[in-house]
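See structure below.
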Amino acid sequence: MRLKTLLLVALAAAAAHAQVWEKPLAPGLVYRMEVDASLPRIVHALRFSIATPAVKASSEVGELQVYSESEFKGRETIGDLVRRSGALAGINADFFPPSGDPLGLMVRNGELLSLPHPERTVFAWGPTGATFGRATSSMELDPDNGPPIPIDGFNQECGLNDICLFSESAGFAVTKDPSVELVLDLKRGTLTPSGEATGTVRSKHAGGTAAVSPGTMVLAATGPKMALLQTLEPGARVTLKWRVEGFDWTKYPNAVGGGPVLIRDGKTTIENEVEGFTKAFTNNRHPRSAVGRTPEGDLWFVAIDGRQSMSVGATLPELASILKGLGCVDAVNLDGGGSSTMHVLGVTLNRPSDGRERAVANGVLFFGQPPLADTRQLRLAAPVGLAPQETAVLKVFGADGEPIPNVDVLWGAQGAGWIDQGGLLRATAEGTVEVTVAARGQLLTAKIPVKAK
């Protein structure tokens, strides 16, 4: 009993050090920043009321397709993805291998983009609710004349002895050499989470990275498994069968992978070993991203700064505690480290630990009506320079010279300083701090040199 009392006292003392700001972005979407000076730790969070008609959340891949010919091969920063898609806000989602495709399950507005990781937790949602769990999958090609051909992967790099299918949304079929590829004409270029489609082999050729033509799919084989496709010639009739089980896809048209689970039915339940995560990953502090659900059905998307002097990050048990503090009864960890990013209305609100946003495989985006833009020019009042450890309060002024209420302003800073949602800028080291501000539909910026005096 005494230990419980001491714990409650410790939690109360920690809470006394925290400052909290909450700012509405749209009906049903609120941004929250919490600064705990005792650790220190900075938590950024979006509360999404899933039933709101004003905002829709959906999953999305970088550059809107799994692979591309760009520098990052289809990966993209969350800030660029938000801008490209016209979203209000976004946060990073699943882990990804060097090839850049999502590691686990991904469903985008009813379209299957990636198969589930067999060991890891999935977060799925739709207009009436959200859920957490695990999924299983199967996929095969049945030729009219021949035995079924099991398919090992979907929209993922085809390894040294694999058979992989690539949809139109993959953009490209990516395989190891040598390989053979069949172009399939199934009268569809995309897949739902489960189904069956019959068509023909349009062509067969040696493999390699090649674009997937609209309305077709590519089946690629490498290594010894190339022999399974060699008997299929152009014109052969085939049936593709696939199934992803574990969720009611009529309710949940969007899904992303993550892991490990953090909270289940109100209890901290960190299944790191079951889901293939090390003790060091679990118990060391890192930047983190996560999503949780409250009993009322609201969703909290969280990004925690880490590996920096102003924020140490969080262990997975600490992450679970933070989500519980927000009222979550179910939650799962998402990709973290340098991938953790929260971008809202043109402002990267957290401070990615790489010093800049990392190009990631996918994210969760929030769409709605943007704030009405003030057609009159606003003004950002910022200091001309600061010294390390010096502070300054920044303000935004309207055309009439009156300060804009802080609830209407989002503050972000990168580089040699950080800023809270009260507009207090703290210089941390020599260099330049870049401040970006969203206010009444406008973006304002300032570059402030930080030099020792």
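The values are calculated or read from the model by the stated rules, or taken from the named source; none is laboratory data. What you are looking at is a predicted structure, and each value in this text was computed from that prediction instead of being measured. Glycine gets a Cβ as well: all are built from the backbone with ideal geometry, and neighbour counts include every protein chain shown. We work out accessible area using only protein heavy atoms, side chains counted, and drop any ligands, DNA or RNA first. Shrake-Rupley method; radii C 1.70, N 1.55, O 1.52, S 1.80 Å.
Kindly indicate whether Gly257 is open to solvent by 10 Å² or more (accessible area, probe 1.4 Å) and small (Gly, Ala, Ser). So Gly257 fails the test.
Scanning region 338-380 for residues that are free of Cβ contacts under 8 Å to residues at least 40 places away in the same chain and among the β-branched types (Val, Ile, Thr) yields one hit, Thr375.
Among the residues of region 134-184, none is identified as surrounded by fewer than 16 Cβ atoms within 10 Å (Cβ to Cβ), among the aliphatic types (A, V, I, L, M) and assigned to a strand (DSSP E or B).
Considering Ala280, Ala210, which residue is modelled with pLDDT under 95, of a type in the set (A, V, I, L, M, F, W, C) and open to solvent by 10 Å² or more (accessible area, probe 1.4 Å)? After applying the criteria, what remains is Ala210.
Only one entry of Gln421, Gln389 meets the criterion of being assigned to a loop (DSSP other than H, G, I, E, B), touching a residue at least 24 places away in the same chain (Cβ under 8 Å) and under 16 Å from Gly346 (Cα atoms), and that entry is Gln421. For region 311-323, filtered to residues that are of a type outside the set (Asp, Glu) and open to solvent by 10 Å² or more (accessible area, probe 1.4 Å), the residue that is farthest from Asp420 (Cα to Cα) is Pro317.
Exactly one residue out of Ala413, Ala429 is in a loop (DSSP other than H, G, I, E, B), closer than 15 Å to Gln308 by Cα and open to solvent by less than 50 Å² (accessible area, probe 1.4 Å): that is Ala429.
One residue stands out among those in region 1-60 that are of a type in the set (S, T, N, Q) and farther than 25 Å from Val409 by Cβ: the one that is modelled with the lowest pLDDT, which is Thr5.
Just one of (1) open to solvent by less than 10 Å² (accessible area, probe 1.4 Å); (2) in contact with a helix residue (DSSP H, G or I) (Cβ under 7 Å, 6 or more places away or on another chain) fails for Val332. It is (2). Among the numbered conditions (1) at pLDDT 95 or above; (2) assigned to a loop (DSSP other than H, G, I, E, B); (3) of a type in the set (S, T, N, Q), the only one that Thr375 does not meet is (1).
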